[in-house]
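Trainee: One structure coming up, written as structure tokens, with questions to follow.
The values are calculated or read from the model by the stated rules, or taken from the named source; none is laboratory data. Treat the numbers as computed from the prediction; the structure is a model and nothing was measured. Surface accessibility is based on the protein's heavy atoms, side chains included, excluding ligands, DNA and RNA. Shrake-Rupley method; radii C 1.70, N 1.55, O 1.52, S 1.80 Å.
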Amino acid sequence: MKQHGGMANKELNNKISREWSAYLRHLKALEGRVEERKGKERQRLMLENGLQWVMYKEKKPKLMLVPLDEKELERKLKKDQKAKEQEEKKLKAKLKEAGRLQVAASLQRLNAQLHAQAASDGGGAKKSEKKLRKKGTTDESPEDFIDPEIPAGQKKLLASQMAKQYNPVAAEKSWCAWWESSRYFEADAASSKPPFVIVQPPPNVTGILHIGHAITAAIEDAIIRWRRMSGYNALWVPGMDHAGIATQVVVEKKLMRDKNLSRHDLGREKFLCECFTMDEQRSKAVAEAFVRLYKDGLIYRAHRLVNWDCTLRTAISDIEVDHEDLKGETALEVPGYRSPVQFGVLISFAYPLEEGLGEIIVATTRIETMLGDTAIAVHLQDGRYKHLHGKYALHPFNGRKLKIICDAELVDPSFGTGAVKITPAHDPNEDDGKINEMGGSQFEGMPRFAARTAVIDALKNKGLYRDTKSNVMSLGLCSRSKDVVEPMMKPQWFVSCNSMAKGALDAVKSKKIEIIPPQYEQDWYRWLENIRDWCISRQLWWGHRIPAWYVTLEDDKEKDMGSYSDHWIIARNENDAILEAKQRYPGKKYQLYQDPDVLDTWFSSGLFPLSVLGWPDDKLDLSTFYPGSVLETGSDILFFWVARMVMMGMQLSGDVPFQKLCC
């Protein structure tokens with residue numbers, strides 16, 4: 001207790017001392033009363049008097065009541081008040097429920113009485129009944145709108161009143177768990193009900209989910225539920241996308257960002273092991289399809305001109321090339337270059353002729369490719385060049401002799417100078433788009449579009465540059481990397497599509513497959529009637545590896561893979577390949593190497609309606625649910641995916657993969 005100094009405060013101190021003594025006597029009396037009470041009554045008494053228990057350790061531990069400080073007292077009072085409010089709320093809810101049940105019982109009794117009187121008074125009781133019901137529901141409680149809690153997997157119990165506002169969490173809670181526990185989503189291959197099947201398009205694994213995905217799923221979900229409730233054995237097969245080029249690019253970027261490693265730093269086996277998984281059943285289906293198509297003469301390997309992506313360093317199919325129409329000189333961003341690159345121009349330059357015959361001027365949209373020129377073509381009837389037939393021009397940078405040849409189909413005398421430079425598949429370019437040794441030491445190692453500027457400067461220095469004109473042209477770009485596609489001669493695996501395309505055309509014409517809306521039928525016909533063979537090999541690590549093994553015999557002169565076309569073995573697995581190699585080359589020493597390339601992602605995706613049902617194994621699911629009923633997808637993958645599913649499905653199973661196609 002604080003003392004106040006000075007004579008003037010003596011009386012004040014005495015007063016405080018008397019009051020303090022009285023307070024301590026009051027505490028002593030309260031202590032006895034507190035000890036007599038138990039539980040909540042004791043706590044309430046202490047709070048009302050602002051007290052708390054404190055253990056004092058002197059000679060012996062002693063429990064004493066002391067005053068609470070102001071903050072602690074306030075906190076405990078609030079807590080006690082909250083507890084009281086909760087008790088009152090529970091009591092009120094019980095009273096409400098009891099009242100509601102009582103009103104409901106009363107209404108039920110009245111309803112029975114009113115129905116009994118209906119015959120005599122002609123239905124006048126209905127108005128009274130409505131009034132009573134309205135009166136009985138005026139007193140609402142929040143608890144009336146809350147669904148009762150139930151164990152997971154049981155059928156949902158609904159609140160007595162419908163909520164005035166829609167809450168998706170509350171409204172949808174418990175339904176899906178009950179449906180799943182009741183096995184409503186499961187289709188039974190042994191069922192006698194007619195089957196109804198939708199295969200869901202695989203989402204792009206590297207894309208961003210958007211409203212379009214939600215619409216697709218919502219439409220298919222509604223169709224499946226409708227058919228299930230209509231008595232069908234409904235199966236909705238979800239799609240899983242393994243992608244190809246796009247996935248590997250994304251993973252490689254992440255690997256470099258997180259660990260500062262390239263895939264080559266890890267090596268192929270470790271890269272695939274750490275970053276990817278592949279479903280065994282789907283891999284089995286892919287190998288089986290490749291083997292069957294090869295034995296049917298529909299898959300072959302050849303050196304052909306392919307679309308080469310220098311950024312991804314792989315071949316791509318024709319439909320993966322976007323053609324951008326340029327109306328004239330245009331600067332475009334190209335992957336790997338800091339500054340935009342100029343396109344849409346026609347550059348003219350002169351080749352000096354042998355024997356002092358002067359020069360011949362040629363024009364090109366790709367001046368850097370002149371480093372690989374091997375000849376110059378003119379039209380047979382073009383009078384300007386008749387005296388040069390069979391003569392030679394000299395390459396200004398490497399001295400190569402370029403023969404002047406005649407070609408009535410290739411050359412248009414009215415375009416440019418009427419003389420066309422011949423570059424065999426742009427062969428001065430390496431796989432990564434850099435100039436190789438065939439381009440000469442002056443340009444070797446330069447990126448192709450950096451070499452473009454260097455070649456123009458070099459021609460100007462030799463006095464051979466003539467002019468640059470704006471030119472309308474179409475430029476091929478990779479749909480994935482946006483790099484400028486290079487036509488290159490490469491050994492690749494191809495699918496012969498003509499016979500399979502005819503089957504897909506006939507299926508739509510005969511209405512075995514119905515395209516909805518029908519406006520897309522013309523697109524279907526146009527593409528399949530002009531189809532070209534499909535390049536299916538990709539120079540990637542991620543994907544289904546091509547099931548082809550190359551045999552290198554000990555006495556082979558050429559040891560490079562693919563040097564001899566008859567040394568390839570197509571097999572379902574390595575053990576089958578080894579067995580066939582022993583039978584084909586008995587007593588000979590050899591080495592066996594699997595082709596490092598992987599298949600185009602659309603090859604395996606084209607098998608989706610079959611492989612998801614267990615093909616190539618003869619399973620009940622396959623016989624019950626194939627072919628499917630409806631494919632609902634986007635028109636943008638009509639040829640990437642849909643046409644290939646139809647072609648491969650009909651070839652491998654003898655039937656279309658679905659009956660209706662909704663775009």
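Trainee: Keeping all protein chains in place, calculate the accessible area per residue for segment 345-471 (probe 1.4 angstrom), answer in Å².
Mentor: That works out to 45 Å² for each residue.
Trainee: With a 1.4 Å probe and all protein chains kept in place, how much accessible area does residue 91 have, in Å² rounded to the nearest 10?
Mentor: Ignoring ligands and nucleic acids, residue 91 comes out at about 100 Å².
Trainee: Please calculate the 1.4 Å probe accessible area of residue 227, with all protein chains present, and give it to the nearest 10 Å².
Mentor: So the heavy atoms of residue 227 present about 60 Å² to solvent.
Trainee: Accessible area, 1.4 Å probe, largest first: how do 593, 166, 564, 550 sort?
Mentor: 166, 593, 564, 550
Trainee: Which entries of 559/589; 391/421; 253/482; 401/462; 94/155; 559/588 have Cα-Cα distances beyond 21 Å here?
Mentor: 94/155
Trainee: So what J values fall out for segment 480-489 if you push phi through Karplus, 6.51 cos²θ - 1.76 cosθ + 1.60 with θ = phi - 60°, rounded to Hz, Gly and Pro as x?
Mentor: 9, 8, 6, 7, 6, 6, 10, x, 9, 7
Trainee: So who's got an amide H within less than 5 Å of the one on residue 446, skipping anything under 5 residues away but keeping other chains? H placed 1.01 Å off N, in plane.
Mentor: Those qualifying (amide H under 5 Å, at least 5 residues apart or on another chain) are 435.
Trainee: Then there's this: Determine how large the accessible area of residue 558 is when every protein chain is in place; take a 1.4 Å probe and give Å² rounded to the nearest 10.
Mentor: 100 Å²
Trainee: Plugging the Kirkwood radius over Cα pairs into Stokes-Einstein for segment 345-471, at a temperature of 20 °C and a viscosity of 1.002 mPa s, what D comes out in µm²/s?
Mentor: Answer from the Stokes-Einstein relation: 145 µm²/s.
Trainee: Let me check something: with ligands and nucleic acids excluded, how do 387, 567, 213 order by accessible area (1.4 Å probe), largest to smallest?
Mentor: 387, 213, 567
Trainee: With a 1.4 Å probe and all protein chains in place, put 359, 269, 333 in order of accessible area, largest first.
Mentor: Final ranking, largest accessible area leading: 269, 333, 359.
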